[in-house]
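Take a look at the structure below.
The values are calculated or read from the model by the stated rules, or taken from the named source; none is laboratory data. Computed from a predicted structure; not experimentally measured. Cβ placement follows ideal geometry from the backbone for every residue including glycine, while neighbour counts extend to all protein chains displayed. Heavy atoms of the whole protein, side chains included, go into the accessibility calculation; ligands, DNA and RNA do not. Shrake-Rupley method; radii C 1.70, N 1.55, O 1.52, S 1.80 Å.
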Amino acid sequence: MKNPASMIDKYFLEDLFYGSSDLVIQEVQWTIGKGFVCYFTTLVDTVETAKQIELMRSRSEQALKNWGTTAISTVQTFNQEQLIESICSGMTLLIFPEMNIQIQLSTQQFTARSPDEPIGETTVRGSHEGFVESLEQNLYMIRKRLAIPDLVIRTVKMGKENNSYATYIYIDSLADPDVVLEAANRLKNIPGEYALGSGQMEDYLEDTVYSPFPQLLNTERPDRVVENLLEGKIAFLIDHSPTVLIGPVTFFSFFQSPDDYNARPIVGTFYRLLRLGGLAMAVLLPAFYIAVVSYHFEILPNDISQKVKLTVNDLPYRPIIEALFLELFIELIREASLRLPTPIGPTIGIVGGLVIGDAVVNAGLVSNIMIVVVAITAISSYVIPSPEMNMSIRIIRFPFMIMATLFGFFGMSIMALLLYIHLLNLSSLKQPYFSPLIPFDASRLWVVFLRLPFFRHHPQQKTFSFFRRGRK
Amino acid sequence: MMMFELSKTQFFCILFFIQTGGVFISFQHYLIQDAKQNSWLVFLVIALMQYLLFLLFEKTYHALRVPTFIRWVFKIYWLLVIISGLSFIIYLLSLWTLPDTPIIVTTAIILIVSYYANYGKVTAVLNIWTIAIPVVIFIVITWLLAVPHLDWYRMAPQMDFNVVKMARAFLVATAPMIGLEFYLFLRPFVKEVRSLAGWPLFSYQMSWTFFYLATILVNQLFFGIEEIKTIPQPTLYMMKSLTLSFIERADLFYMIAWIIWSIVTVILYIFFVVMTWPADNESKRRRQNIVIHLFLLAVIGFFVSKERNEWIREIVNYLHLAIGIVLPIILILLKKGLNKWIKDSSS
């Protein structure tokens, strides 16, 4: 319900903002009549506001044409909804009820931390800059790297009653127009009531929320965002969050690190292959051990087989229990070290890994070999550069372990097929997630495994014809 | 019929996995038993025959029109191929790795994978064969491990042979051709409008020939003719008898690799059975998918024994000559004849 502007007074404005203690309402007398200055002190640069108001007053006294319009101010017809939204966003409003106008001053005060390197995405060589909690500063970090006119920045209001905005960025000449349209539609259809975090926004933007695999890449590194924009992808930013979402991505994007491109091609290729090997180990190694010990002892050469039998025979329970016990123990150590303050975190790792690890072996609860297997698995999973993919990989090894217990190698191969089919069915912003395997493109397959010399960009494959013409 | 597009590479790769997944570890025993040292020569003749058939198919695939009744004939034939292949996989599994697991459980597990694949996107099924690429590499490497143990003198052809046995050998050697009719069914979906008769078809045919030739030669040169008569799955036994320093039973890995490959083939076959089923909407197609999988679950168990499996495989081998080769040729000739007759009568 809109109030007539003439009814506005100090009490009315106070009621609109529930008498908040940081709300400032000042009555001013100008030649054009009585007015009110209204803002939140916590969001506004008060010195700059005072300067701007004084400038405007002198312009109005001189009866200049468009006296209220400057580089940082606009004159609007009085609108109560707009007034609430602007003040909540950190603007200053100058309201003249008798003239039925409001002047909006963009004098917000931004405080942001310095753009330090993100803790989870450190690199050896290259830029050490990271995003911060200010949208403007984050956009600046991208723009300064991409001084091109077709870098498009668009802002979408999320929900109807909500006062939060999301921004998406793309390079017009490189991004697929269908994907840009899809991204814009998804952002517009977010029915949120309050400001969202990047994780919640991800739920709305992903094609299959219940999949264990992330379908958007999270990063806090501007150089990584720029690299992806140059491949025709779209970056999603949200105010107050240093995390940027990137889509459409492929499964293999999560195994690439900015270090690959900063290092020499051969070195970059070696580490990329190492990470893919780490993926296979992290998923399959515990299941392989369980399958061998439970079902296929005969595959081991005799001398190794004897040693394994000796250690396993003394254990009071089946290998799956032993493996689950240790795997969950490793997860506990990880979770505990994350939640503890930095000086204590590593101590937990040492206590958990060395002291308790040694004690459980001596107590005969687990075998030495299982400790080695679980340790290699844990290390392998941590070489994956994306924390989201890393967590997904750690979770999917459990069904592999269960299938290996039930059916040995056959169970593992069935699980591998199911996982592969799931990955083939996934999409990121309706683009094939498992590209270049689907749609199969042998010429692009090399890019997955090799870090080729950076002579030209490799844009994301455009929309796959099957998705348009065939069954969805 | 469902609409989709295939690239040249996808088309030939799908064809390769359809033609290989079913029989590549099973037919050598029978072929070498009948053709003896001439087995590889017999196979080369069959390979040439297949190449000529493909050339004919490439020239005439536009003319192929399959009436509804004939479509059903193909569907029933493909279901028989699936039953023979799947029952063989489960028979070998129960023999080599899972002797205590009930057959119905093993069958259900494989069919769940197939159902999940066919329930999803068309693109997922049409690219499922990509999982078998590392499997192909692994299998070729395992053959290379056997190379130092091969006796090459066993390759020399034999001039005296029994005509009846040789005729039977030719019949057995056509087993790897099973699935060649898919060339006609899939070719219209290929984006490439130009003829594939040149290098693309030749390279496909060479890959197929070398693959099967290697499977025959490796077995023949490793075991010898007399020995192979007592070994029903020579490739698996060869892997078992290889002594490697890092692994004792290479046959188990080989078998798992072959199972993945064969499941991919089964998934593709079931997809094409459903695809050619007349269905006007997605829910009907999903229902048909469920019906086919339940039907297979019910019947597979019956064929999981040595005798019954051999019986159905023999039937499939004969049917494949009639339905896979002769029937498409008749359909093409009929259509050509009809066109000519219409042209003559109108002029």
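Would you mind computing Rg(Cα) / (2.2 N^0.38 Å) for segment B:1-146, counting N as its residues? Let's see the in-between values first.
Working: Rg = 18.2 Å, N = 146, 2.2 N^0.38 = 14.6 Å.
Relative to the 2.2 N^0.38 Å estimate, segment B:1-146 comes out at 1.25.
May I ask you to derive the FRET efficiency for B:S241 and A:A112 from their Cβ-Cβ distance with R0 = 60 Å, giving the value to the nearest 0.05? Mind dumping the intermediate values first?
Values: r = 70 Å, r/R0 = 1.16.
That pair, B:S241 with A:A112, gives E of 0.30.
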Q.
Suppose R0 equals 35 Å. What FRET efficiency, 1/(1 + (r/R0)^6) with r the Cβ-Cβ distance, do B:L56 and B:K284 give to the nearest 0.05?
A. 0.50
Q: Can you give me the P(r) profile for segment A:263-431? Cα pairs, bins 10 angstrom wide beginning at 0, each as a whole percent.
A: 9, 32, 34, 20, 5, 0
Q. On average, how many beta carbons from a partner chain sit within 10 Å of the beta carbon of a residue in A:423-429?
A. 4
Q.
Give me a comma-separated list of calculated 3J(HN,Hα) values for segment B:8-24, in order, Karplus coefficients 6.51, -1.76, 1.60 applied at θ = phi - 60°, integers in Hz, x for any Gly or Pro.
A. 4, 5, 4, 4, 6, 5, 4, 4, 4, 6, 5, 7, 10, x, x, 10, 5
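Please state the equivalent ellipsoid semi-axes for segment B:24-98: what are the square roots of 5 times the Cα gyration tensor eigenvalues, largest first, in whole Å?
Details: eigenvalues 173, 114, 15 Å².
Semi-axes (√(5λ), whole Å): 29, 24, 9.
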Q. Under a 5 Å amide H to amide H cut-off, with H placed in plane at 1.01 Å, what residues pair with B:F24 once short-range neighbours are removed?
A. none
(Q) Placing +1 on the Cβ of each Lys and Arg and -1 on the Cβ of each Asp and Glu in segment B:8-346, which of B:I90, B:V125, B:G337 has its Cα farthest towards the positive end of the resulting dipole? (A) B:G337
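Any idea what the dipole of chain B comes to, in debye rounded to 20, about its Cα centre with Lys/Arg Cβ at +1 and Asp/Glu Cβ at -1? Present the calculation step by step, with values, prior to reporting the outcome.
Working: 27 positive and 18 negative charges, 235 e Å.
Once rounded to the nearest 20, the dipole reads 1140 debye.
What value in Å³ per residue do you get for the convex hull of the alpha-carbon atoms in chain A? Each step should come with its number before you reach the end.
Numbers: hull volume 97.2 nm³, N = 472.
Once divided by residue count, the hull of chain A is 206 Å³.
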Q: Please work out the ratio of the alpha-carbon Rg of segment B:26-67 to 2.2 N^0.38 Å and round it to two decimals.
A: 1.66
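Given Cβ point charges of +1 (Lys, Arg) and -1 (Asp, Glu) and nothing else, what value in debye, to the nearest 20, does the dipole of segment A:5-105 about its Cα centre take? Walk me through the numbers before you get to the answer.
Details: 6 positive and 12 negative charges, 82 e Å.
So the dipole magnitude of segment A:5-105 works out to roughly 400 debye.
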Q) If you take all C-alpha pairs in the protein assembly as shown, what percent of them are over 38 Å apart? A) 55 percent
**Q.** Spin-label model distance (nm) - B:K340 vs A:M7, 7 Å beyond Cα toward Cβ
**A.** 9.4 nm
Q | Distance in nm between pseudo-label sites at B:L41 and A:T74 (7 Å out along the Cβ direction from Cα) | A | 8.9 nm
Q. Picking from A:N66, A:V47, A:F36, whose Cα lies most toward the positive end of the charge dipole for segment A:5-105 (charges on Cβ: Lys, Arg +1; Asp, Glu -1)?
A. A:N66
Q | Pair B:R194, A:V28: separation of 7 Å Cα→Cβ label points (nm) | A | 7.4 nm
Q | Rg and Dmax of segment A:119-249, Cα atoms only, in Å | A | 14.1, 45
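Suppose every Lys and Arg Cβ carries +1 and every Asp and Glu Cβ carries -1, with no other charges. What dipole size does segment A:79-162 come out with about its Cα centre, to the nearest 20 debye?
On the way: 8 positive and 11 negative charges, 62 e Å.
For this selection, approximately 300 debye.
When the gyration tensor of segment A:5-105 is built from Cα positions, what are the square roots of 5 times its three eigenvalues, in whole Å, from largest to smallest?
Numbers: eigenvalues 82, 48, 29 Å².
So the equivalent ellipsoid measures 20, 15, 12 Å along its semi-axes.
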Q) Heavy-atom accessible surface, probe 1.4 Å, ligands and DNA/RNA ignored: which residues of segment A:274-301 lose at least 50 Å² versus the isolated chain? A) A:E298, A:I299, A:P301
Q. With r defined as the distance between the Cβ atoms of B:A63 and B:L294 and R0 fixed at 41 Å, what FRET efficiency is calculated, to the nearest 0.05?
A. 0.65
Q) Rg and Dmax of segment B:152-275, using alpha carbons, in Å: what are they? A) 18.5, 51
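Using only C-alpha positions, report the orientation-averaged shadow area of the convex hull of segment B:8-346, nm², one decimal. Numbers along the way, then the final one.
Numbers: hull surface 78.2 nm².
If you wrap the Cα atoms of segment B:8-346 in a convex hull and average its projections, you get 19.5 nm².
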Q | Loop chymotrypsin sites (Phe, Trp or Tyr not before Pro), segment A:20-127 (other Cβ atoms within 10 Å of the site Cβ: 14 or fewer; DSSP) | A | A:F110
